[in-house]
Structures are given as structure tokens and as C-alpha cells.
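A.B. asks: First the structure, which I've put down as C-alpha cells, then a few questions once you've had a look.
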Amino acid sequence: MLKGWGIAIFCGLLTPTLSQLTPTLSQPAPDAVLRVGKGVIGDAVTGSLIQGNALQGAVRDVPLGSGGPDAGGGLLGGLLGGGGGGGGGLLGGLLGGITGGLLGGGGRGLLDGGGDAYGRGLPVAGGYVPGGSLSNGAAGGLLGKGGLLGDGGLLGILGEGGLLSTVQGLTGLRIVELTLPKVSVRLLPGIGVRLDLYTRVAINGKSLLGLLDIAVEVNITSKVRLTMDGTGYPKLVVESCDTLLDGIRIRILRGLLPIVDNLLARVLNRLLPELLCPVVDVVLGLVNDELGLVNSLVPLGVLGSIQYTVSSLPLVTGQFLEVDLNTIVGQVAGGLVDYPLGKPEAVPMPRMPRMADTASSQLGLSVNFLGSVISLLQKQGALDIDISDGMFPELPPLTTSTLGALVPVVFQKFPQPQPLVLKVAVPETPRVTLKKNQGSIQLSATTEVLVSQPNDASQSLCVLNIDAALLAQFSVENNKLKISVSLDKTRLSLASSSIGKFDVSLWESLVGKIFDVAFLPALNSVLGGGIPLPRLMNIDFSNADIDVIEVSVLTRPCFPVPSH
């Protein structure tokens, strides 16, 4: 697992991120901000190379083509001076100069009476050798078998069956293997990324001398722009791609022939981009699939769902890629949940904390988003609980006798012990507030005390108002933000009573035990189900470091945000 994940929980709204330093009235503040470093992008590319068939698609025949300056005979046409690349290449001068002079090219050769412009033959030390004066023996020494220019000599090396005709006769080139590339990513601020894939390519082929075994070290380098498609999904698009050859090793029969490196490099430099750059397209297609997952609809237990959507073009800095997200919390029947604090105003958000150099990603969540999730739980009745006698052995007996010890009138009304039922309900959305490294939830509940009758009827004795201050702790497991609460303090008041007024302070001890033993475990079970966090490039924020941040300039309370 990658280290350095972080979650920050903010008071009120998230701060103006770098992409929103000057928000407009028409651009509401996002509910979440997600940052990823270049290492996460590199891991996504590597994972796509491993899992996908991108490399397999490059294992194919190399189309040498025809008619081009480097195709077939044209490859050495320029080199041999007979065509391709403009005529008169490397050997055009060599063969024209040497054999032209020796064989009479231009009418000045030794063998057919040529000479210089004045008819003086070939200049030598001390004078000139008359044209045509070279004997047959001398000519045989130069041009004969084993001679300088004869078979086995320079022309033998360069001629049919020689090194250059070996390249001249290249056929059946085929890429047979690509090693898993080493991936390098550099963020390009305001643009996207530079992606380098370092790989070794194995190529087989045939030549006039036999089979070729070619190994080429290649750097596939691409400039990739981060865009948004028409459906609102972030997308990486290749703007340019090229291949750089680092070294070529060629094996023909038994020996290595590095002399052919430069000749073959001309062919490969022209052909490899169109063969290997599609690998980048395939890989980025898989990475784009992962990018698209950030726009997702995730279930919130069985009660509802959360819709994450990218709100604007992601920002690229030299350190991270930043994505602003809007959220919609929906009920299971499809209705939306209102923000408990009202719709966020178009005001600058508090700044995201600086992402540490060692961190690979960071996530910020607004208090309004988290409050709307808790609001959904409250509206669905998930925070309510009925407690009856015997459900929790740790509690004293929930009977009229227990209450009679606190309120004597209950004894008078129910001389025989009768079981009680406590109906605890949360009629209003709890309010979340944050201070530095500390979260709290203000919860207003009602508890109705009823007497169970033998005929399944019940009689209400009283209704208590309970204002509870809960201390909140945040954690991340299975990529879900989980909240656990403990009781800080309570305040009781009497809402209604059929047994007359009484001193509710006498109930504080009993209510405290009911909260600790029954209500809070039930509440933690619901909150512990977790709030699904947005997904981007398979980031898992489990066990992330969490910072709770208070922004005092805001009038609204703040909430936690994860960072990894």
C-alpha cells in the first residue's frame, strides 16, 4: 500500500483551492477536493501496462513499406549513390572517386587512357602516370580476387552478400517482445504530464546473410494534456509522441555487427513511433477508465447514495493533480437531502493544507457534505432506537418500579411492576462542529417513556428532551470515512408528562447509562458503516492520517477531511 495518504476535515467549506482562488458567484464551492501526486499516476500507468494488452498489440510485423527513401532498396540508394535520399551518398563518393579514377570514370582512368583535364594521366610523386599505362597485372592486383577493390576486398565487403547488402535485403521484420516498460511521469503545470516509457524491443527479421536478431532500447516519450470530455469526465489525451533509440544490438548468424547500427537506426527511427506510440494510447485509455471512476454513484448502505461529479477542469501543478468534486446525497427513493446548514454560499473556501512532499495523495471534505450525509441517516430514522426491558443486561430493569424510585407517583399509579419501553428519536439533523484536532456533534433527541400493557397496548408516561454533546473521532477503513462518538455531556428537560411535573435531574444517571449502553452503540453502528470516499486511480485511503481543521473566519462549523 502506498504511504502518505491524508484526509483533512474542514470547518465549514473547503478553502479556495489553487483552482479557485477567485471564485465567481456562478461557481459554487466544491464539496470535496482530491489531489494525487505523480507517483499515483505512474502506478496507474504501470498497472494498466500489466493488466491490459497494450504491449501485446505492439507485437506485430514491421511494415518496411515501399518507395520511400528508407524502404527496400531505397535504404541504401542514397548510401550507394544510386537512388533513394537524393543520390550520391556515402559510397557514391567512395566508389565514384576510387573506382572512377581507377576504372576511367569521367574519361580519366588509368585503364582506358584517361587522365586529368590536360590529358596528363594520374598524378603521382614526381610526375604523372599516363592514362592507359597501368598494366594488366597491376590492375589485377587492385581489382582481382583478394585485391583492394576486388572480391574479398572493399567491393566484396560492400557488395552482394556484404554488410550493406545485408541491410539492403531486410525482410520480414517483426517485433516479437517488449519488456515491461519502466514508467517515468513529470507533471507539466497547466497542461498535463510528460510520460516516458523505457522499454527493450526484440525484433526478428531476415537478410541476405540469414536471420537477424535485433535488440533495441527505446524511450517512448509523450506529452499528454489533461482535458474534460463532453460528458464531464477528466481525460488524458496524447498531444505528441516520439521514440528515442538508446542502443541497437544486431546479431547475424554468429557475430555482432555494430557497424550496421546507424543504418538500421534510420529505419527504426522512422517506423517505431507508429508502432509503439499506439501503446501509449491504449495505456492512457485504461488510465482514463480509472479517471472516470471519480464520477460515480456509490451506495450509502441501504438508505441512499452519494453522487460524486467533477465540477471543473482539474488543475495540474508541479506537485499534484487536483480535482474539485460536487456531491449529491440522495435517499433510497430518489429524493435529495438538503444541506443541514443551507446551500453553500459562493464565498472563498478555506485553503487546503499543503500536501507534504512525502504524501502521494490528499482529500478534503466539507462540513456541509458530511452534514448532509448525517441528515440522510436522520431523515431515514437510522438514528432512532426502541429500548425495552431485558434488551441490555447492563441496564437496570426498565420497569415502573425503577421509575417509581425516582418519581413516587409512578408507584402509586402502577403498584405492580410493569415493563417499560423507551422510544428514542432524533427529530432534527445533528449539527457537526470542528475545532483543531477535535470534532463534536450536537444532537437533540426525544425519549418517550411508555408502559407496556398485557394486551399490547401502551401508555405514555412522559417525553424528555435530551440535548447531547458528543465527541467525534474519525478514521478510514475500506476507503470509507467512519465516525465514532462518545458522550461528553447531556442536558434534560421535560417536554410533556401524564404523571405531573417532576425533577428531571433525578433521571440524569439513568439517561447517561441508557446512552452509554444502548443509544451510543446503536449510533456508532450506523455511523461506523462509513461514508464512501471518492475513488481515483485505485487510491485507497484506508489508515490515512486525518487532520481536523478549524477556520475561524467562517461562521459555519467545520468538518474533517482525509489526506493520505
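The values are calculated or read from the model by the stated rules, or taken from the named source; none is laboratory data. None of these values were measured; they are calculated from a predicted model. Reconstructed Cβ throughout: ideal geometry from the backbone, glycine too, with neighbour counts over all protein chains shown. For the accessible areas, the whole protein counts, side chains as well, though only heavy atoms, and no ligand, DNA or RNA atoms are used. Shrake-Rupley method; radii C 1.70, N 1.55, O 1.52, S 1.80 Å.
A.B. asks: Given the conditions (1) modelled with pLDDT under 70; (2) under 20 Å from T199 (Cα atoms), and given that G65 satisfies all but one, which numbered condition is not satisfied?
C.D. replies: (2)
A.B. asks: Any residue at all in the stretch 482-489 that's touching a Phe, Trp or Tyr at 6+ places or on another chain (Cβ under 6 Å) and open to solvent by 40 Å² or more (accessible area, probe 1.4 Å)?
C.D. replies: Scanning the stretch 482-489 turns up at least one residue that is touching a Phe, Trp or Tyr at 6+ places or on another chain (Cβ under 6 Å) and open to solvent by 40 Å² or more (accessible area, probe 1.4 Å).
A.B. asks: Can you tell me which condition V302 does not meet? The list is (1) assigned to a helix (DSSP H, G or I); (2) surrounded by fewer than 15 Cβ atoms within 10 Å (Cβ to Cβ), and all the others hold.
C.D. replies: Result: V302 passes all but (1).
A.B. asks: Quick check on D488: is it at pLDDT 90 or above, in contact with a Leu (Cβ under 7 Å, 6 or more places away or on another chain) and not hydrophobic (A, V, I, L, M, F, W, C)?
C.D. replies: Answer is yes for this residue.
A.B. asks: Quick one: is S525 under 19 Å from V421 (Cα atoms), free of Cβ contacts under 8 Å to residues at least 12 places away in the same chain, open to solvent by 60 Å² or more (accessible area, probe 1.4 Å) and not in a strand (DSSP E or B)?
C.D. replies: Spelling it out, it is not the case that S525 is under 19 Å from V421 (Cα atoms), free of Cβ contacts under 8 Å to residues at least 12 places away in the same chain, open to solvent by 60 Å² or more (accessible area, probe 1.4 Å) and not in a strand (DSSP E or B).
For every residue, the table says whether it meets (1) among the hydrophobic types (A, V, I, L, M, F, W, C); (2) in contact with a helix residue (DSSP H, G or I) (Cβ under 8 Å, 6 or more places away or on another chain); (3) within 14 Å of V62 (Cα to Cα); (4) at pLDDT 95 or above.
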site: P181; (1), (2), (3), (4): no, yes, no, no
site: R186; (1), (2), (3), (4): no, yes, no, yes
site: V193; (1), (2), (3), (4): yes, yes, no, yes
site: A202; (1), (2), (3), (4): yes, no, yes, no
site: L208; (1), (2), (3), (4): yes, yes, no, no
site: I214; (1), (2), (3), (4): yes, yes, yes, no
site: V218; (1), (2), (3), (4): yes, yes, no, no
site: S222; (1), (2), (3), (4): no, yes, no, yes
site: G230; (1), (2), (3), (4): no, no, no, no
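A.B. asks: Any chance the stretch 306-319 includes a residue that's at pLDDT 90 or above, among the aromatic types (F, W, Y) and closer than 20 Å to V367 by Cα?
C.D. replies: Looking through the stretch 306-319, at least one residue is at pLDDT 90 or above, among the aromatic types (F, W, Y) and closer than 20 Å to V367 by Cα.
A.B. asks: Looking for whichever is open to solvent by 60 Å² or more (accessible area, probe 1.4 Å), among the small types (G, A, S) and at negative phi here; the options are S458, S388, S375. Which one fits? Working first, answer last.
C.D. replies: Values: S388 fails: open to solvent by 60 Å² or more (accessible area, probe 1.4 Å); S375 fails: open to solvent by 60 Å² or more (accessible area, probe 1.4 Å).
Being open to solvent by 60 Å² or more (accessible area, probe 1.4 Å), among the small types (G, A, S) and at negative phi holds for just one of S458, S388, S375, which is S458.
A.B. asks: Before we move on, is E448 surrounded by fewer than 17 Cβ atoms within 10 Å (Cβ to Cβ), out of contact with any His (no Cβ under 7 Å at 6 or more places or on another chain) and either without any contact (Cβ under 8 Å) to a residue 24 or more places away in the chain or among the acidic types (D, E) (or both)?
C.D. replies: Against the criterion (surrounded by fewer than 17 Cβ atoms within 10 Å (Cβ to Cβ), out of contact with any His (no Cβ under 7 Å at 6 or more places or on another chain) and either without any contact (Cβ under 8 Å) to a residue 24 or more places away in the chain or among the acidic types (D, E) (or both)), E448 does not qualify.
A.B. asks: Further, regarding this structure: Being open to solvent by 40 Å² or more (accessible area, probe 1.4 Å), at pLDDT below 85 and in contact with a Ser or Thr (Cβ under 9 Å, 6 or more places away or on another chain): is that true of V367 here?
C.D. replies: No; evaluated as a whole, the condition is false for this residue.
A.B. asks: Pick from the stretch 395-419 the residues that are in contact (Cβ under 8 Å) with a residue 24 or more places away in the chain and touching a Ser or Thr at 6+ places or on another chain (Cβ under 6 Å): which of them is surrounded by the most Cβ atoms within 10 Å (Cβ to Cβ)?
C.D. replies: Going through the qualifying residues, I end up with V410.
A.B. asks: Consider the stretch 457-507. How many of its residues are without any contact (Cβ under 8 Å) to a residue 24 or more places away in the chain and within 22 Å of A518 (Cβ to Cβ)?
C.D. replies: Residues in the stretch 457-507 being without any contact (Cβ under 8 Å) to a residue 24 or more places away in the chain and within 22 Å of A518 (Cβ to Cβ): 2 in total.
A.B. asks: Still on this model: Surrounded by fewer than 21 Cβ atoms within 10 Å (Cβ to Cβ) and within 30 Å of V316 (Cα to Cα), is that true of R194?
C.D. replies: So R194 fits the description; yes.
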